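Every read-out reported here was derived from the displayed coordinates using simple, explicitly stated rules and does not represent laboratory data. Note that the structure is a prediction, hence the values are computed from the model and not measured. Cβ atoms come from the backbone with ideal geometry, glycine included; neighbour counts cover every protein chain shown.
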Amino acid sequence: MAMTPPNLGGGWLGKYGKGRTVSRAFLMGEGFTSDDMDGRPIIGICNSWSELNNCNYHLRDVAEAVKRGVWQAGGLPLEFPVISLGETFMSPTTMMFRNLMAMDVEEMIRAQPLDGVVLLSSCDKTTPAMIMGAASANLPAILVTGGPSLSGRYRGRDVGTTDYTKMDAELRAGLVTDEEMMEFESGYKRSVGHCEVMGTASTMTSLAEAMGLCLTGSANIPAVDARRYRTAEASGRQIIELVKRGIKPSDIITRESLENAIRVSMAIGGSTNAVIHLVAYAGRLGIDLPLSLFDHISRTTPFIVNVKPSGEFMMNEMFEAGGVPAVMKEIESLLHRDCLTVTTKTIGENLADATGSRDHEVIRPLANPLNNEGGTAILHGNLAPFGAVIKQTAASPHLLVHRGPAVVFNSNDELHAALHSDDYDMDPNAVIVQRYQGPLGYPGMPETGGGVAVPNKLIRRGIRDIVRITDARMSGTAFGTTVLHVSPEAAAGGPLAAVRDGDIIALNVPERTLNVLISDEEMQSRLKEWRSPVPSNVRGYHWLYLNHVLQAHEGCDFDFARANGQMVDDLSGGTGVPPTGTESRGAE
Ligand code: FES
């Protein structure tokens, strides 16, 4: 563990008379004085604030609270912007830009005269990007999250993004009117902050706390709660302590703390996107985190948090029930207790003062879980040689073991045209294959696997769910029996590309299998005819992305950004497409 105190604040600015005149003079041009540059630690406040990102909109105010704390503890706070990824505004998908933001974070931390950094994030991809960049820069860092927005209100009940997904499907089927939808819209988002259910944002901030990257009990404080500003101020003070002790992200993000994060993800019914992001964190520090580990931990971790989309309540109720510390207290016997955290104490020491759940309806005791297993299961089979993911707690129980004929869609537009048509019919036992939605295919592996994929005709007959298999992701707020992250993806020549209408697909979640019932010879013969749809005539970031993004089971990071990165150009011939049927690089 690296605990050597760094050269506080002197690295670049130095003291008066020791050079760096231009740097010092330019800060003085902002109104700072020589007294502010007296050798004290310089703390960057890495801010993903944006008006195009409601989830992160308030982070400018949060930064002011962080600055108070940094000044109180004797540091010099300097705020700087990085890219912000607003889930609802960006196209083709924020996931395509997660790695760009991680590069921005890493390089801006590395390039500037900082002793430590406070990371401000909120919306889905902004927390993973901050952590990936900070892990690679490996300067003392602490995360301050934006917190969930107020729960929405509709006709006397709490609603959130999960409810929107259901309303949207019912609007499409004519079961909800435009007027009702507009009424819903007006009360759905009542404040800034990230989604108010256990979506990807809530999952990734909760897991950041579970890993020890933010102050205990801070991750789930609602966005507009004054306690969010108090914890931001405390984080400003705490970063100085981390700098003095030389505690870096690599001291905190370890195989054991990642296992704790997986454990907590299973207990909270966390988003399937956590699998991709945690694997990416591990890759940044050269830690092996195979998908098999997720499944092992899932089978041995009870699901105890009753929050949408897998449960009934909202994030503010989880916070009132004790938040992440209460969850960790309930499952403490399953955790690595000696992992170091940004409090400078271990997980076990942090939990010594924590109480368990304050509301057993929201956070169940370990002895009375909602499900004996965790939310996420990992599947393998001839359709997913390198793995696929299903959120079993958000799936329909009667579909977890299922066989049915494939109905294949090669694009999201094709799928939605069918679903939105009042005339389109489908066998209710059918298995929808939604392909070319992966990292290379879409591109950017969007969340098109989420939502309700049931034709209008079937919705009106009361059918609310159909098995879906896709190489896309799914929003953490969504639900349904959807097998996601099929790897390798169809656009990389994975077996999903070989499926044809009418092939029988066999899903068995308890046995963790996913197969198409055709022979190996037939599969190989079909794949021989397959041609890559990935364009080669692209430029700029799109080119960089297509040539270097890894597959889902490898965290969708760039090959060159991992600790032991190996570029893929030599494997793909510069087209960005790994050879058919082979793992692109690295091992699961
Ligand atoms: Fe930002 Fe849901 S849209 S967290």
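The ARG464 and ARG190 beta-carbon pair, evaluated with R₀ = 25 Å, returns a calculated FRET efficiency of approximately 0.35. If you take all other residues with their beta carbon under 14 Å from the beta carbon of THR203, and give Lys and Arg +1 and Asp and Glu -1, the sum is 0. Name the residue farthest towards the positive end of the dipole of the chain from the options SER257, VAL327, VAL342, assuming +1 on Cβ of Lys and Arg, -1 on Cβ of Asp and Glu, about the Cα centre. Highest projection toward the positive end goes to VAL342. Geometric descriptor of segment 482-567, per residue, is 147 Å³ (volume of the convex hull of the Cα atoms).
Think of it this way: in the chain, CYS46, CYS195, CYS214, CYS339, CYS556 stand alone, with no other Cys Cβ under 4.7 Å.
The share of alpha-carbon pairs in segment 83-214 lying farther apart than 23 Å comes to 43%. Computed about its Cα centre, the charge dipole of segment 252-336 is approximately 200 debye, with only Lys, Arg, Asp and Glu carrying charge at their Cβ. Rounded to the nearest 20 debye, the dipole size of segment 332-483 about its Cα centre is 180 debye, using +1 on the Cβ of Lys and Arg and -1 on the Cβ of Asp and Glu. A full extension of the chain between ARG337 and GLN524 corresponds to an added length of 62.5 nm, given 0.36 nm per residue minus the alpha carbon distance. Take every pair of alpha-carbon atoms less than 8 Å apart whose residues are at least six positions apart; their mean separation over the length of the chain yields a relative contact order of 13 percent. Count Lys and Arg as plus one, Asp and Glu as minus one, and take only other residues whose Cβ is under 15 Å from that of PHE184; the net charge is then -3.
Aspartates and glutamates within cross-link reach of LYS125: Cα-Cα under 14 Å, excluding same-chain residues under 8 positions apart? Correct list for LYS125: GLU87, ASP104, GLU447, ASP557. Students often get this wrong, so check it: of LYS67/LYS166; LYS189/LYS329; LYS244/LYS391; LYS166/LYS528; LYS248/LYS329, which have C-alpha atoms separated by over 30 Å? Checking Cα-Cα distances, LYS67/LYS166; LYS189/LYS329; LYS244/LYS391; LYS166/LYS528 exceed 30 Å. Restriction of the trypsin sites (Lys or Arg not before Pro) in segment 485-561 to DSSP coil positions whose beta-carbon has at most 15 other beta-carbons within 10 angstrom yields ARG500, ARG531, ARG539.
Compared with the rule-of-thumb size 2.2 N^0.38 Å for a compact globular protein, segment 237-378 has a Cα radius of gyration ratio of 1.06. The Cα atoms of segment 177-316 cover 55, 39, 24 Å along the three principal axes, with the biggest extent listed first. The GluC sites (Glu not before Pro) of segment 494-523 that meet both conditions, a loop assignment by DSSP and at most 14 other Cβ atoms within 10 Å of the site Cβ, are GLU511. Summing charges over neighbours of GLY116, with a neighbour being any other residue whose Cβ is under 12 Å away from its Cβ, gives +3 when K and R count +1 and D and E count -1. Normalising by residue count, the chain has a Cα convex hull of 146 Å³ per residue. Taken over the Cα atoms of segment 65-111, the convex hull encloses 90 Å³ per residue. Extension gain, GLU51 to ASN537, is 171.7 nm, computed as 0.36 nm per intervening residue step minus the present C-alpha separation.
Across segment 234-319, Cα-Cα pairs farther apart than 20 Å form 49% of the total. Computed over segment 472-531, the P(r) tail beyond 19 angstrom holds 39 percent of alpha carbon pairs.
Segment SER292..THR88, full-extension length gain: 70.2 nm, with 0.36 nm per residue of separation and the alpha-carbon distance subtracted.
The value of relative contact order for segment 297-454, using C-alpha pairs under 8 Å at least six residues apart, is 21 percent. Applying the Karplus relation 6.51 cos²θ - 1.76 cosθ + 1.60 with θ = phi - 60° to segment 221-231 yields 3J(HN,Hα) values of 4, x, 4, 9, 7, 4, 5, 5, 6, 5, 6 Hz, where x marks Gly and Pro.
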